[in-house]
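A.B. asks: Quick one: this structure, given as structure tokens, is what I'll be asking you about.
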Amino acid sequence: MKSYRRNILFLLTMFSLFWTLVLTAQDVKIESDGESVTIFNDFASIDFDLKTGKYLGTDSKQAKTIFTDARFVLDGSRSEWKQPKYDYSWSESAVSDAFGKGKKLVITHTPLEGYQLVHSLEITLYEGFPSVVLGFSVTNQFDYPARIQKAALMYDAKLFKGEIIENPQLLRGGAGAEVQFVENKLDIDAFNSVMVTGKVDGKRSTIVAGGLKYNEFLRRIILSSKEQSITLVSEDPQGKYIEPKQTYSSDDTTIMDFVTKDPFISLEHYGLAMRKANDAKPNRYDFPTLCGWLVSNEYYGEGLPLNNSVGLIEQTKLAKDAGLMKYTPIAVRLEPDFYCYANFGDTQQGWWDNEHWSSLPSSDWPDYPSLMKPYDTFGSFSKAVKDLGGMVFTYFQMSMPSNDFAVAHPEWMLNNDISMLHAEHPHHMPFVKYDYTDKGFQKYVLNMWKRLGSEGVAGIKFDYPESAWAKDGGFEDRTYTTTSAYRKAFDLSREGLGSDAFLHERNLGEYGTPMLDVTAGIVDLQRVWWDSSDYEPEMASRMGLRWYKNRSVFNYYPDGKSLFYPESKEPLPQNVRRTILTQIGLLSGRLELATSFGSMTNGMKHDVTRLYPVIQGTKSFRPVDMLQGKKNPEVYVYDINAKWSQVILCNNEKEAKTISAPLSGIQYETGSLGLQPEKKYYVYDFWNQKLVGTFSGTETLGIELEGQQALVYSIHEVEDSPQFISTNRHLMQGLMELHNIQWNKKKKIYSGNADVVGRETMEIVIATNGHKSPIAKVNAGSINITPLEKDLILVQIDSDINKTISWELYF
């Protein structure tokens with residue numbers, strides 16, 4: 001016994017010593033020899049030369065220098081300008097925040113001549129964290145105000161000491177409707193973020209850099225093949241105003257990971273870091289939304305006058321009567337989008353009250369006011385929808401004030417100026433706009449949001465957000481930047497409607513306005529496509545290639561979709577409909593409909609309900625073949641656990657084609673499913689409810705798909721015990737509707753819980769794996785077993801009402 005205790009004590013001591021060494025090894029340290037100063041942890045080190053003002057970065061694990069000759073440049077860089085001399089000094093401080101413990105190295109650049117401002121580069125490393133975080137501060141030492149527009153935290157840093165980057169591939173961090181593909185080059189000038197990966201000296205190297213915390217500046221990343229360099233900039237078109245003798249410490253930070261070689265993992269770490277830095281918690285659109293404008297539009301939808309309170313209440317009733325609410329809540333969106341052309345510029349915008357919403361129509365149906373009697377207030381409209389089990393969304397134009405509102409409140413407009421009110425303009429780019437920095441206007445808008453929230457409005461679509469991008473300033477509060485004023489417009493809505501409200505930013509980049517991530521932590525949803533009720537493969541790519549931000553920072557969606565052909569009004573073929581729903585249900589998570597509930601066929605209703613509930617958590621389907629030279633990814637993987645993955649295969653061509661992927665192999669090199677070569681796997685087709693086959697991990701999965709078809713498959717490692725491999729209820733084939741699955745080897749009982757929808761048979765496909773046909777029991781409803789092919793059985797569970805039913809199979 002004493003010997004046993006000694007052994008335990010020895011093991012505990014060694015265990016404690018091991019973790020002490022690990023934790024000590026992960027400490028962030030700062031060292032200086034007087035000529036340079038270095039901050040480092042186990043992953044990376046940054047060395048700053050106090051004589052030249054240049055710094056370099058090293059991958060500590062590989063002992064490899066990644067970049068050299070980086071400089072911090074403030075509102076400069078033109079080569080013909082004489083550069084001032086600087087005194088470089090440093091200080092350090094301990095850091096403890098959401099990313100853990102670490103240290104911050106501050107390098108202060110004090111100009112010894114000229115008119116440059118004192119500016120400091122802030123470099124932060126954390127224990128056990130592979131990325132470097134960069135920030136900055138600026139001191140205006142002069143007696144006059146200053147305004148900063150561009151802080152190049154890393155300017156013209158040379159990559160890999162001139163070693164050639166073989167087969168470089170880039171992915172920009174797209175936002176809004178920005179076009180986004182993997183590009184086979186090294187040159188890019190992008191907003192938000194960039195991933196670049198390639199081989200250096202025969203080994204994979206990856207860099208991910210971009211915006212971390214957003215407040216007052218956007219991010220810009222520039223890569224040059226000619227110079228083989230990278231530049232990281234925090235910038236704003238209006239810039240940040242700094243009073244004389246004041247110091248501005250920016251909350252905006254930039255992150256860079258040059259240590260993680262796997263581009264998928266590095267991007268996913270980046271997305272989660274963005275989430276943490278901005279406290280982003282995008283609300284799940286766990287329901288379909290019927291868009292009143294889209295369904296009422298003759299081209300995109302059905303050409304029926306439904307974009308009004310009476311029409312949308314009737315649609316909610318039809319959804320309930322059809323049984324859709326057994327599966328999911330539904331939302332209806334009323335869009336009061338009366339435009340300036342028809343009434344000399346007088347619209348609902350700015351007034352945002354029941355009087356104007358009940359007297360003015362939408363753009364398509366002039367004889368139908370948005371709020372119609374007897375539901376001519378948002379309160380009465382919302383209550384009627386809520387009583388039926390639905391939710392009310394509505395629509396705002398970001399900075400397109402009604403002319404008569406501008407006349408009533410010129411002090412709430414940019415520059416307090418309405419002198420161009422008379423001028424004709426495109427409806428969404430007026431010359432007179434709101435000033436979201438004005439305290440009086442802020443109070444007015446906040447009270448409006450609180451009123452709408454109290455009346456039951458659950459979500460907002462912000463249309464034409466570009467109109468609120470005030471690049472030329474004109475703010476009442478001159479301390480605002482263009483970025484912070486833009487964020488304020490959304491922030492007021494979030495404050496007034498609350499954390500549970502659904503905020504949607506329709507940023508299409510019109511008139512050259514950048515499409516940005518700056519609303520991270522405020523906005524729930526961004527749209528990735530122009531007005532469109534049809535579907536094409538690139539829509540999936542724009543969402544799928546942002547998988548690392550999807551669900552973690554934003555939700556993305558490709559505008560509303562009709563389940564009918566817009567021209568003929570004939571129903572889409574089943575395979576086309578299911579492709580659209582697969583891509584939106586799994587890559588997006590937000591389904592917006594241009595098809596009324598009253599027009600849906602039984603097949604449409606069935607397929608729509610397979611999407612709900614939507615995927616929870618922060619993980620999204622990974623486009624595993626994005627580096628394999630394809631314009632649009634064809635293979636997406638969602639790893640549920642080590643033994644179970646969901647896979648989407650997409651044929652992006654118009655003709656039938658076999659889509660293939662190796663089951664195992666290094667994913668970023670081969671585009672594989674990432675499975676184990678020594679294992680065997682079941683592959684089950686959800687929509688066709690059939691077993692594709694059993695595959696060795698060394699094989700390639702190849703399935704012929706129709707033109708522009710996408711299907712989803714469940715892949716399970718073959719086990720010795722009975723195991724479920726699919727259901728008929730949900731696209732994720734058991735993840736959402738099956739719980740507490742267990743195999744009691746001693747008693748030979750396979751059991752679990754199933755969320756059964758009333759009067760729909762729940763079907764569970766189970767592989768018996770050599771065990772005899774079982775006897776089945778349930779604690780409610782009824783259960784039936786039918787033999788299928790090979791070792792498969794079909795378990796069918798029925799209930800008259802929605803109920804979670806416990807089932808047991810005795811083998």
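A.B. asks: Within segment 506-528, how many residues are aliphatic (A, V, I, L, M) and not in a loop (DSSP other than H, G, I, E, B)? Show your work before the answer.
C.D. replies: Just the residues of segment 506-528 that are aliphatic (A, V, I, L, M), to begin with: 508, 515-516, 518, 520, 522-523, 525, 528.
Pick out the ones that are also not in a loop (DSSP other than H, G, I, E, B) and you get 525.
Here the count works out to 1.
A.B. asks: Any idea how many residues of segment 416-455 are at pLDDT 95 or above, surrounded by 17 or more Cβ atoms within 10 Å (Cβ to Cβ), part of a loop (DSSP other than H, G, I, E, B) and in contact with a Phe, Trp or Tyr (Cβ under 7 Å, 6 or more places away or on another chain)?
C.D. replies: Qualifying residue count, segment 416-455: 3.
A.B. asks: Among the candidates Tyr682, Tyr668, which residue alone is of a type in the set (Phe, Trp, Tyr), modelled with pLDDT of 95 or more and closer than 22 Å to Asp262 by Cβ? Spell out the reasoning first.
C.D. replies: Working: Tyr682 fails: closer than 22 Å to Asp262 by Cβ.
The conditions single out Tyr668.
A.B. asks: Can I ask one more? Under the condition of being out of contact with any helix residue (DSSP H, G or I) (no Cβ under 9 Å at 6 or more places or on another chain) and more than 17 Å from Thr595 (Cα to Cα), which residue from segment 315-342 is most open to solvent (accessible area, probe 1.4 Å)?
C.D. replies: Checked segment 315-342; the qualifying residue most open to solvent (accessible area, probe 1.4 Å) is Tyr341.
A.B. asks: Just name the residue that is least open to solvent (accessible area, probe 1.4 Å) out of those in segment 343-379 that are farther than 16 Å from Phe393 by Cβ and of a type in the set (A, V, I, L, M, F, W, C).
C.D. replies: Leu360
A.B. asks: Same structure, new question: With the structure loaded, tell me whether Pro305 is closer than 21 Å to Phe381 by Cβ and either in contact with a Cys (Cβ under 6 Å, 6 or more places away or on another chain) or part of a loop (DSSP other than H, G, I, E, B) (or both) or whether it fails that test. Please lay out each step first, then the result.
C.D. replies: Details: closer than 21 Å to Phe381 by Cβ: yes; either in contact with a Cys (Cβ under 6 Å, 6 or more places away or on another chain) or part of a loop (DSSP other than H, G, I, E, B) (or both): yes.
Considered against the rule, which asks whether it is closer than 21 Å to Phe381 by Cβ and either in contact with a Cys (Cβ under 6 Å, 6 or more places away or on another chain) or part of a loop (DSSP other than H, G, I, E, B) (or both), Pro305 comes out as yes.
A.B. asks: Additional query: Can you list the strands (runs of 3 or more DSSP E) lying wholly within segment 78-185 that have 1 or more residues being farther than 23 Å from Pro263 by Cα? Steps first, please.
C.D. replies: Working: elements: 86-97, 100-111, 118-126, 132-139, 146-159, 165-172.
Result: 86-97, 100-111, 118-126, 132-139, 146-159.
A.B. asks: Across segment 167-191, what is the total count of residues that are open to solvent by 20 Å² or more (accessible area, probe 1.4 Å), without any contact (Cβ under 8 Å) to a residue 60 or more places away in the chain and more than 22 Å from Thr65 (Cα to Cα)?
C.D. replies: 3
A.B. asks: Condition check: at pLDDT 95 or above, out of contact with any helix residue (DSSP H, G or I) (no Cβ under 7 Å at 6 or more places or on another chain), of a type in the set (Phe, Trp, Tyr) and open to solvent by less than 30 Å² (accessible area, probe 1.4 Å). Does Tyr214 satisfy that? Please lay out each step first, then the result.
C.D. replies: On the way: at pLDDT 95 or above: yes; out of contact with any helix residue (DSSP H, G or I) (no Cβ under 7 Å at 6 or more places or on another chain): no; of a type in the set (Phe, Trp, Tyr): yes; open to solvent by less than 30 Å² (accessible area, probe 1.4 Å): yes.
No.
A.B. asks: Then there is this: Counting only residues that are acidic (Asp, Glu) and open to solvent by less than 10 Å² (accessible area, probe 1.4 Å), which one in segment 603-652 is nearest to Lys679 (Cα to Cα)?
C.D. replies: Step one: of segment 603-652, the residues acidic (Asp, Glu) are 607, 625, 634, 639.
Add one more test, that the residue is open to solvent by less than 10 Å² (accessible area, probe 1.4 Å), and what stays is 607, 625.
Working: Asp607: 33, Asp625: 22 Å.
Among them, the one singled out is Asp625.
A.B. asks: Just a yes or no: is a residue in segment 264-280 open to solvent by less than 20 Å² (accessible area, probe 1.4 Å) and in contact with a Cys (Cβ under 9 Å, 6 or more places away or on another chain)?
C.D. replies: No, segment 264-280 has no match at all.
A.B. asks: I'd like to know if segment 739-746 contains one or more residues that are surrounded by 16 or more Cβ atoms within 10 Å (Cβ to Cβ), without any contact (Cβ under 8 Å) to a residue 60 or more places away in the chain and under 20 Å from Thr609 (Cβ atoms).
C.D. replies: No; the residues of segment 739-746 include none that is surrounded by 16 or more Cβ atoms within 10 Å (Cβ to Cβ), without any contact (Cβ under 8 Å) to a residue 60 or more places away in the chain and under 20 Å from Thr609 (Cβ atoms).
A.B. asks: Determine whether segment 252-270 contains at least one residue that is more than 27 Å from the chain's Cα centre (by Cα) and either modelled with pLDDT under 95 or of a type outside the set (A, V, I, L, M) (or both). Step through it out loud before you land on a result.
C.D. replies: Of all residues in segment 252-270, those more than 27 Å from the chain's Cα centre (by Cα) come to none.
Within segment 252-270 (the criterion being more than 27 Å from the chain's Cα centre (by Cα) and either modelled with pLDDT under 95 or of a type outside the set (A, V, I, L, M) (or both)), the answer is no, since none of the residues qualifies.
A.B. asks: Now for a separate question. Can you pull out every residue in segment 750-779 that is assigned to a strand (DSSP E or B), aliphatic (A, V, I, L, M) and either touching a Lys or Arg at 6+ places or on another chain (Cβ under 7 Å) or surrounded by fewer than 17 Cβ atoms within 10 Å (Cβ to Cβ) (or both)? Give the derivation first.
C.D. replies: At the first step, the residues of segment 750-779 found to be assigned to a strand (DSSP E or B) are 750-756, 762-767, 775-778.
Checking which are aliphatic (A, V, I, L, M) leaves us with 754, 756, 762, 764-767, 775-776, 778.
Hits for segment 750-779 are Val756, Met762, Ile775.
A.B. asks: Could you pull out the residue among Asp189, Asp251 that is out of contact with any Ser or Thr (no Cβ under 8 Å at 6 or more places or on another chain) and more than 23 Å from Arg275 (Cα to Cα)? So that I can check it myself, show each step before the final result.
C.D. replies: Working: Asp251 fails: more than 23 Å from Arg275 (Cα to Cα).
On inspection, the qualifying residue turns out to be Asp189.
A.B. asks: Report, ordered by the first and then the second residue, all pairs with beta carbons closer than 7 Å, sequence separation of six or more or different chains, a first member in segment 523-541 that is within 14 Å of Leu591 (Cβ to Cβ), and a second member that is β-branched (Val, Ile, Thr) and open to solvent by less than 10 Å² (accessible area, probe 1.4 Å).
C.D. replies: Every condition considered, the pairs that remain are Tyr535/Ile580; Met539/Val528.
A.B. asks: A further question follows. Could you run through segment 23-57 and say how many residues are of a type in the set (Gly, Ala, Ser) and in a loop (DSSP other than H, G, I, E, B)?
C.D. replies: From segment 23-57, those of a type in the set (Gly, Ala, Ser) are 25, 32, 34, 36, 44-45, 53, 57; that's our starting set.
Then drop every residue that is not in a loop (DSSP other than H, G, I, E, B), which leaves 34, 53.
Residues flagged as of a type in the set (Gly, Ala, Ser) and in a loop (DSSP other than H, G, I, E, B) within segment 23-57 amount to 2.
A.B. asks: From the list Asp500, Asp531, which residue is assigned to a loop (DSSP other than H, G, I, E, B) and closer than 20 Å to Cys291 by Cβ?
C.D. replies: Values: Asp500 fails: closer than 20 Å to Cys291 by Cβ.
After applying the criteria, what remains is Asp531.
A.B. asks: May I ask you to verify whether Lys790 is part of a loop (DSSP other than H, G, I, E, B), more than 28 Å from Ala322 (Cα to Cα), touching a residue at least 40 places away in the same chain (Cβ under 8 Å) and not aliphatic (A, V, I, L, M)? Steps first, please.
C.D. replies: Details: part of a loop (DSSP other than H, G, I, E, B): yes; more than 28 Å from Ala322 (Cα to Cα): yes; touching a residue at least 40 places away in the same chain (Cβ under 8 Å): yes; not aliphatic (A, V, I, L, M): yes.
It is true that Lys790 is part of a loop (DSSP other than H, G, I, E, B), more than 28 Å from Ala322 (Cα to Cα), touching a residue at least 40 places away in the same chain (Cβ under 8 Å) and not aliphatic (A, V, I, L, M).
A.B. asks: Another question, then. Please find, within segment 541-596, the residue that is surrounded by the fewest Cβ atoms within 10 Å (Cβ to Cβ) out of those that are within 27 Å of Thr316 (Cβ to Cβ) and polar (S, T, N, Q).
C.D. replies: Ranking the candidates gives Gln574 first.
A.B. asks: Hey, another quick one. If we scan segment 192-209, do we find a residue that is touching a Pro at 6+ places or on another chain (Cβ under 7 Å) and either aromatic (Phe, Trp, Tyr) or open to solvent by 50 Å² or more (accessible area, probe 1.4 Å) (or both)? Walk me through how you get there before you give the answer.
C.D. replies: Residues of segment 192-209 touching a Pro at 6+ places or on another chain (Cβ under 7 Å): 195-198, 206.
Within this subset, residues satisfying the condition of being either aromatic (Phe, Trp, Tyr) or open to solvent by 50 Å² or more (accessible area, probe 1.4 Å) (or both) are none.
Checked against the condition, which is being touching a Pro at 6+ places or on another chain (Cβ under 7 Å) and either aromatic (Phe, Trp, Tyr) or open to solvent by 50 Å² or more (accessible area, probe 1.4 Å) (or both), segment 192-209 yields no hits at all.
The values are calculated or read from the model by the stated rules, or taken from the named source; none is laboratory data. Quick caveat: nothing in here was measured; it's all calculated off a predicted structure. Using ideal geometry, Cβ is built from the backbone for each residue, glycine included, and neighbour counts are taken over all protein chains shown. In case anyone asks, the SASA skips ligands and DNA or RNA and just uses the protein heavy atoms, side chains included. Shrake-Rupley method; radii C 1.70, N 1.55, O 1.52, S 1.80 Å.
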